[in-house]
1. Can you find a residue that is outside any helix (DSSP H, G or I), charged (D, E, K, R) and touching a residue at least 24 places away in the same chain (Cβ under 8 Å) anywhere in region 175-189?
2. Filter region 190-217 down to the residues that are part of a loop (DSSP other than H, G, I, E, B) and either open to solvent by 20 Å² or more (accessible area, probe 1.4 Å) or modelled with pLDDT under 95 (or both) and list them by number.
3. Filter region 144-165 for residues that are surrounded by fewer than 16 Cβ atoms within 10 Å (Cβ to Cβ) and at pLDDT below 85; which is farthest from residue 55 (Cα to Cα)?
4. Residue 135: surrounded by fewer than 15 Cβ atoms within 10 Å (Cβ to Cβ) and in contact with a helix residue (DSSP H, G or I) (Cβ under 6 Å, 6 or more places away or on another chain), yes or no?
5. Can you find, within region 218-239, the residue that is surrounded by the fewest Cβ atoms within 10 Å (Cβ to Cβ) among those that are modelled with pLDDT under 95 and in a loop (DSSP other than H, G, I, E, B)?
6. For residue 79, indicate whether it is under 30 Å from residue 43 (Cα atoms), buried (at least 23 other Cβ atoms within 10 Å of the Cβ) and polar (S, T, N, Q).
7. Which number in (1) of a type outside the set (Asp, Glu); (2) in contact with a helix residue (DSSP H, G or I) (Cβ under 6 Å, 6 or more places away or on another chain); (3) on the phi > 0 side of the Ramachandran plot marks the one condition that residue 163 misses?
Amino acid sequence: MIVYPAIDLRDGVCVRLMHGRFDAVTRYDEEPAARLAAFAAAGADWAHIVDLDGAEAGRAVQHGLIGELAAAIDIRIQSGGGVRSSDDIQSLLDAGVSRVVIGSLAVSDPGAVADWLERFGPDRITLAIDVRADGDRWVPSLKGWTQAAEVDLWAALDRYPPGSAKHLLVTDVGRDGALTGPNLDLLAQIHQRRPDLWLQASGGVADLTDLTGARSVGASGAIVGRALYEGRFTLEQALETAWS
């Protein structure tokens, strides 16, 4: 399983949100380059970087900084936030980003995203669907988690038949940044329904057992954020757990 240490960028610094709320921000690092270099030095092959300002604004805001990070530090980057066009994708790829994350549009405009998957290839794009519980349904949250989709998670995934997409990142917004553990039941349901997708778990990782739990239900990757920043375990420990 791949561990993706996370950097969420807001106003050019590393932050974390609680439950996806832009009014519940904790600032951690003033120098994202130093944090990313530390991830690389610890042995991480990948990092997950999000332009939170872009996600909130609905347009690219910090893609220039993300490109600078990709060029400066020897680590593969998966990045999104504010990606709204094929030009945004091309710009990030040209800057050295290895995989571009498509969030809201993966649900609200599947036709365009299907075209991008065909143009750039399924290994260069990660579909990111952030969900909230609505009774017994999982409903995607759109536009920086400020709106609810008109379809549920399963209907959204049905728009991408096997072979069209490869990477899927799912965040349980209710657990994001809360250190309450990933939603293993949800991850297991997704893997059972769509074993063709390389599933990345996001939201709630608090200790090393959460990584083994995610792997046990079929996740091929896990996003790790607040737990690293708050010293609950080291990145070296996370990587060893994921690889063992």
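The values are calculated or read from the model by the stated rules, or taken from the named source; none is laboratory data. All figures in this text were calculated on a predicted structure; none of them were measured in a lab. Don't worry about glycine lacking a Cβ; one is built from the backbone with ideal geometry, like all the others, and counts go over all protein chains shown. Note: accessible area is taken over every heavy atom of the protein model, side chains too, but ligands, DNA and RNA are not part of it. Shrake-Rupley method; radii C 1.70, N 1.55, O 1.52, S 1.80 Å.
1. yes
2. 194, 195, 196, 203, 204, 205, 206, 207, 217, listed by residue number.
3. 150
4. no
5. Filtering region 218-239 for residues that are modelled with pLDDT under 95 and in a loop (DSSP other than H, G, I, E, B), the one surrounded by the fewest Cβ atoms within 10 Å (Cβ to Cβ) comes out as 231.
6. Considered against the rule, which asks whether it is under 30 Å from residue 43 (Cα atoms), buried (at least 23 other Cβ atoms within 10 Å of the Cβ) and polar (S, T, N, Q), residue 79 comes out as yes.
7. All conditions are met except number (2).
Per-residue answers, yes or no, for (1) modelled with pLDDT of 95 or more; (2) within 17 Å of the chain's Cα centre (by Cα); (3) in a strand (DSSP E or B):
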{"site": "5", "(1), (2), (3)": "yes, yes, yes"}
{"site": "8", "(1), (2), (3)": "no, yes, yes"}
{"site": "15", "(1), (2), (3)": "no, yes, yes"}
{"site": "28", "(1), (2), (3)": "no, no, yes"}
{"site": "33", "(1), (2), (3)": "no, no, no"}
{"site": "37", "(1), (2), (3)": "yes, no, no"}
{"site": "43", "(1), (2), (3)": "yes, no, no"}
{"site": "71", "(1), (2), (3)": "no, no, no"}
